[in-house]
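J.: Questions regarding the structure given below will be posed in turn.
The values are calculated or read from the model by the stated rules, or taken from the named source; none is laboratory data. Note that the structure is predicted; figures quoted are calculated from it, not measured. Here the Cβ positions follow ideal geometry from the backbone for every residue, glycine too, while neighbour counts run over all protein chains shown.
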Amino acid sequence: MWDVEIRGMASAHAIIAASIFMATIMPAVLVEKFSVYGTHLVWLYSVAGSVAVVNIAVFWLLGISPPTKKNTLSYKLSKLFRSCVYFLLSCLFFHTVVVLYGAPLLESALETFSLAVLLSTFTTLRCLCILGPNVQAWIRVFSRDGAMSVWDTSLQITTGCSVVGAWLGAFPIPLDWDRPWQVWPISCSLGTTIGFLTGLLTAPLWIRWHRKQLTYKLK
Amino acid sequence: MRLSSSVFASFCLLIELLGIALFLRGFFPVPVKSSLSSKSKLSDLPAEPLAGNSPNSTKVPPPLFKRVVIILIDALREDFIFGPNGKRFMPYTRHIVERGSSHSFIAKARPPTVTMPRIKALTTGSIPGFIDVVMNLNSPAVLEDNVIWQAKNSGKRIIFYGDDTWVRLFPKHFMEYDGTTSFFVSDYTEVDNNVTRHLDSTLKRDDWDVLILHYLGLDHIGHISGPHSSLIGPKLLEMDDVIKKIHASLISREAEGTLPNLMVLCSDHGMSETGSHGGSSEPEISTPLILISPLFQRKVGLEQPAMVEQVDLAPTLALALALPISQNSVGRLIPAVFEEASLREQLRFLHMNGHQLSSLLRDSNPNFHKDGYEQFRMAEKTHGNWMKLYMDGNTSEVLGNMGKKLLKQYLEALQAMSAALSKQLGKYDMYSMIVGMSLILQVLVLLVLAMPEALSRAACVDVPVASAFLSLPFYLLCLLGSSIHVLVCTSAEASCYFCSLPWLLAFTAILFSSALLCSLNVSVGLRRSSKYSFHYWTLSELDILLLTGTVGHTLSLGASSFVEEEHQTWYFLLNTLCLAVFQDVCRKYFRERRRPGDDEEDDPLLPSIAEEDASQATFSPAAELGVSVGSEKWLALSTPILTLACCRLLRSLNQTGVQWAHLPDLSHWLNSGDHKVVLSLLAALSLLLIFLLVQRRCSLVSKIALALGLLGVYSYRAAVGNVLFPWQHSGRSISKGTGEARFVYIFILGILFTGVKDLLRSQVMSSAVEGRRLKSRGLWEVYSGVVLLVALLFRAHNLPTLACCLLIQTLMAQFIWKKLHYDAAQTTIMHYWFGQAFFYFQGNSNNIATVDISVGFVGLESYVEAPAVFLTAFSTYAGPLLWACHLVCYLSSERDRAALSLGHGSYCFALLRSVPAVFYVVLVTALRYHLFIWSVFSPKLLYEAMHTLVTAAVCLFFTFMDQDRT
């Protein structure tokens, strides 16, 4: 049972990671003069979009999302609406945090917001997909020893890795190397993406490695 | 020997200070100085060499020029004239360069490219060492031999208009002067008009020989808006007009039969692409040097200007005016200037320059024979032979050719000697550096090894001194050290400071060092078998952040960009710290009911709710009195967010660093004249907030004194003209505000006195509870005295920094550190981080140029060294000091474990300072041939040393506070 779950997760992660690579390669074929540095926002939104679509599709197909008690259309719609609001709020939250970290307030606000969207896609969207718009469940997962399934653990790992990646991505900005990727927010969004990919890769491995220690309580 | 943690910490820091001082002495090259203390005299000049009979004439060749006008345009970059824009901006000058009788050069300035050392280089011909610059931030008079002094001594009448640095450097040298201060950088028209307005009348007069003009406007424009701003063009045109006017006047007054006049157009330093200067980038060190005189041949087109050194102007001017070359000059004359003189005179000039350089070389370098000296002696001999032939009346072609060859020989010798002298400035005294370094490394290892003991419940450290003194390795090490010392010092490879110390002192140091090494050895052995172990130290996320932050910051010092932009590191770490604290708070208050809120996954609604509560907290500093549990929760939650918001605001108050320093910031906006009302309101509000936050724990007397003192601060700022006084609208002339400042000083001393009195009384108090209460009040009063002094010294636009600092301290102490039960070590590290961040928030950077020297004059009529140095250092390190003082107050107010926390706190403080300082010293030694060593790493080294000094003082304060435990 364990191995099946881990294998399923690994393949889901592989699909998501592949979607990131596709999102980098496809515009290079389709869009003229595309480059990750030059037309950074195009790349950023293509990655964010594809990760969002693939995430939603994968988790919908796998049926990871929590069982719903009511199955009416209106309930589903309200759930969808709440998810959208949560996503938007998380974008604003990330934007605020990034500005507090020293990003310019007015100029290049679009770039900052794009970074916030990317971060939200990698973190909040996955939470929404796996846990649903359920604050209590989020609190549980992100408190100490709160994970109740392999998916919760993978969520913890990927979220942490993405945020730490963005954090580390800010380091090269003050260096005087004058490289194209030192321009705001390229290094941070690259850091986020690399962090997210690392998270996707390490989550199955880590869980497999620690499967003896991981004992999930049942609800 | 058993020592308490705080005593141990301050002891370690003091030794570290000694080590760093020794290192600094070895690291900063001593300026090349002639052994003679007097100034060169005409009678000292060497005779013209003549082989055979005794030298004939000691006569100096006659001067080449009658009058000299020196036009120094501050921050004039070489490409402003020679570049593609030169034709547009400076048409007349460009015309002279291309077609007129002139010589143009690019003169290389040495870093630090700051006005004062550059003026010294131009006039003395020596290269002021880096340490010179730091020691002379206030530019007192030049005591060295220099051209200006020589000119005055030989009866030349000198007139000076322009930057008053000259007036301070050369007091009583000028027949007539008008200095303009470069204090108001935002003014770039008035400073130059003040110079130009004298021109017309002065040029008509005949009673002067040397006219020096120093224009500041261009430099100010550079500082405001950079080298590509639209203001540059008109300013250069204005300068061009000035040059045209002077040139026309000089030509019109040129009379037949008298000597021609000389006009020198030069600059002290260039301007970087952002408009600042001080570093060693190409545009900063390339300055134009144009000599214009009818004596020179007319040019026939634009040639690529030759490269010379800035110091070459001093000997050239001296020789051209028939003055002795100043003693410490390392420059060599510019041959082009003397082209028109006869061959005999040319050789004579070269000989005099060579003689001066060779005697300087002989004085300053023990193995002077190598570089150029012998070459010069050879040339001198040939010169003698040549002279003999010449005196015999030989006028053949052979003589001419021989003279040409001799000329070349002289020039080569001059170049070699000049290069050798300049190179000497980059020589390190490795032995002193290594001794200093090994001392501080030992101390660091001792500190780190003592960690488990120092942070234990006993807070005592056992330093095994006795056993070390009795052990055999100690004597062996002593022997080894002494023999190395004797070996190094007698080998006389180079001059060494540590060797020049008295032998007794040096041997004491060796003795001490080997004792330290032995005790280290012993304590390592003890640790291995002791019961202390690190196992039971479980690290929370916050601990991991604090540790990685400290280590990461230390490592980041290895990159020059991270040194330049160190403030970014601290802001970044501080933000992360606040978020981590926020997470802790959320964990505490939402453990069951709500989310624990990881810092990345937080309810976005939270900040907005929290902010409202924060405003409530701001206006009720007495929140400690009676807050319900619910509101306390919200206050605690809002504290980190408020801190974050404050930090973001302060960050945009003062832009520092290098890369983004030119961006507009709030302080420029506030100081720009139109916004004086806003600045006044902001200052008044900040002072009010400061009063509200500080008064709550003071005695009544101190409260009143504090209120009056803060009022005095405002009236001082009003008197100086920074802010508006509400009921006095017009007609107040700007004074120095000495009276107001002294008024505040009285209150500061009063408050400090009350505090110290309370502290002393608490020592003799019988009841422990009462004594502790009194002690904590006394400490707080000392703290408020410090706050008042900082309020007086900070510029008006920086007062919000102080207010924010106090606000954050109050809130954090009230709702975070106490409530979340952070231990002394964690609190200390947080205080240290905050202190570092505030050091940069107040506008400091790792560049010497940002030190605000004007603080040294607050309340003083004239420059008095001791108080000025103290005040400058105090206001520069105000941020770290305030946080350290607060740490003492906070830790000693902890009821049950005050003594323990104080010991732990001071130990952590010492360790936190030692780790980066020691690492940096080692790093600088490794990078001593780095390109940026003088522009980036050395200023930072001085900052590190100064910071260690400040920390040592704080640690001593800690130790005194920690004395009364049982």
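J.: Quick check: is even one residue across segment A:156-165 within 13 Å of another protein chain (Cβ to nearest Cβ), within 22 Å of A:G38 (Cβ to Cβ), in contact (Cβ under 8 Å) with a residue 40 or more places away in the chain and of a type outside the set (S, T, N, Q)?
T.: Scanning segment A:156-165, I find no residue that is within 13 Å of another protein chain (Cβ to nearest Cβ), within 22 Å of A:G38 (Cβ to Cβ), in contact (Cβ under 8 Å) with a residue 40 or more places away in the chain and of a type outside the set (S, T, N, Q), so the answer is no.
J.: Now for a different question. Which of the residues spanning segment A:113-155 are hydroxyl-bearing (S, T, Y), away from chain B (no Cβ under 13 Å) and over 21 Å from A:L201 (Cβ atoms)?
T.: Matches in segment A:113-155: A:S114 only.
J.: Quick one: how many residues across segment B:835-860 are more than 20 Å from B:H797 (Cα to Cα) and either touching a Ser or Thr at 6+ places or on another chain (Cβ under 6 Å) or crowded, with 18+ Cβ neighbours inside 10 Å (or both)?
T.: So the answer is 3.
J.: Quick check: anything in segment A:49-56 out of contact with any helix residue (DSSP H, G or I) (no Cβ under 7 Å at 6 or more places or on another chain), away from chain B (no Cβ under 14 Å), at negative phi and at pLDDT 90 or above?
T.: Yes.
J.: Still on this structure, please answer the following. Is it true that B:L881 is buried (at least 20 other Cβ atoms within 10 Å of the Cβ) and of a type in the set (A, V, I, L, M)? Give the steps one after another, and end with the answer.
T.: Details: buried (at least 20 other Cβ atoms within 10 Å of the Cβ): yes; of a type in the set (A, V, I, L, M): yes.
In short, yes.
J.: Just wondering, is there one or more residues in segment B:667-683 that are buried (at least 17 other Cβ atoms within 10 Å of the Cβ) and assigned to a loop (DSSP other than H, G, I, E, B)?
T.: yes
J.: Only one of B:Y161, B:Y215, B:Y188 is crowded, with 17+ Cβ neighbours inside 10 Å, among the hydroxyl-bearing types (S, T, Y) and modelled with pLDDT under 85. Can you tell me which?
T.: Selected residue: B:Y188, the only one of B:Y161, B:Y215, B:Y188 that is crowded, with 17+ Cβ neighbours inside 10 Å, among the hydroxyl-bearing types (S, T, Y) and modelled with pLDDT under 85.
J.: So B:D178 passes all but one of these: (1) assigned to a loop (DSSP other than H, G, I, E, B); (2) in contact with a strand residue (DSSP E or B) (Cβ under 9 Å, 6 or more places away or on another chain). Which condition number does it fail?
T.: Of (1) assigned to a loop (DSSP other than H, G, I, E, B); (2) in contact with a strand residue (DSSP E or B) (Cβ under 9 Å, 6 or more places away or on another chain), only one is false for B:D178: (1).
J.: Go through the residues of segment B:309-327 one by one and say whether even a single one is outside any helix (DSSP H, G or I) and under 17 Å from B:Y410 (Cα atoms).
T.: Yes; the residues of segment B:309-327 include at least one that is outside any helix (DSSP H, G or I) and under 17 Å from B:Y410 (Cα atoms).
J.: Additional query: Output the residue which, of all residues in segment B:239-274 that are among the charged types (D, E, K, R) and under 30 Å from B:H223 (Cβ atoms), is surrounded by the most Cβ atoms within 10 Å (Cβ to Cβ).
T.: The extreme case among them is B:D268.
J.: State yes or no: is A:S187 among the hydroxyl-bearing types (S, T, Y), assigned to a helix (DSSP H, G or I), away from chain B (no Cβ under 13 Å) and more than 23 Å from A:A10 (Cα to Cα)?
T.: In short, yes.
J.: Does segment A:108-117 contain at least one residue that is surrounded by fewer than 21 Cβ atoms within 10 Å (Cβ to Cβ) and at pLDDT below 90?
T.: Yes, some residue in segment A:108-117 is surrounded by fewer than 21 Cβ atoms within 10 Å (Cβ to Cβ) and at pLDDT below 90.
J.: Out of all the residues in segment B:452-472, which are in contact (Cβ under 8 Å) with a residue 40 or more places away in the chain and either of a type in the set (S, T, Y) or part of a helix (DSSP H, G or I) (or both)?
T.: B:P452, B:E453, B:A454, B:S456, B:V465, B:A466, B:S467, B:A468, B:F469, B:S471
J.: Taking B:A791 and the conditions (1) of a type in the set (G, A, S); (2) over 22 Å from B:W570 (Cβ atoms); (3) surrounded by fewer than 19 Cβ atoms within 10 Å (Cβ to Cβ), which numbered condition does it fall short on, given that it satisfies the others?
T.: The one condition B:A791 does not meet is (3).
J.: Taking B:R205 as meeting all but one of (1) more than 29 Å from the chain's Cα centre (by Cα); (2) in contact (Cβ under 8 Å) with a residue 12 or more places away in the chain, write down the number of the exception.
T.: (2)
J.: Here's something else I'd like to know. Run B:S615 past the list (1) modelled with pLDDT of 85 or more; (2) more than 13 Å from chain A (Cβ to nearest Cβ) and report the number of the one that doesn't hold.
T.: That leaves (1) as the condition not met.
J.: Assess whether B:E284 counts as being under 15 Å from B:A75 (Cβ atoms), touching a residue at least 60 places away in the same chain (Cβ under 8 Å), part of a helix (DSSP H, G or I) and not small (G, A, S).
T.: yes
J.: Moving on to the next point. Scan segment B:442-453 residue by residue and report those that are surrounded by 16 or more Cβ atoms within 10 Å (Cβ to Cβ) and at pLDDT 85 or above.
T.: B:Q442, B:V443, B:L444, B:V445, B:L446, B:L447, B:L449, B:A450, B:M451
Yes/no per residue for (1) modelled with pLDDT of 50 or more; (2) within 12 Å of chain A (Cβ to nearest Cβ); (3) surrounded by fewer than 17 Cβ atoms within 10 Å (Cβ to Cβ):
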site	(1), (2), (3)
B:C586	yes, yes, no
B:P621	no, no, no
B:S628	yes, no, yes
B:A636	yes, no, no
B:T639	yes, no, no
B:C646	yes, yes, no
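J.: Consider B:H904 against the criteria (1) under 22 Å from the mean Cα position of the chain (by Cα); (2) over 21 Å from B:G755 (Cα atoms); (3) touching a residue at least 40 places away in the same chain (Cβ under 8 Å): it satisfies all of them except one. Which criterion is unmet?
T.: Of everything listed in (1) under 22 Å from the mean Cα position of the chain (by Cα); (2) over 21 Å from B:G755 (Cα atoms); (3) touching a residue at least 40 places away in the same chain (Cβ under 8 Å), B:H904 misses just condition (1).
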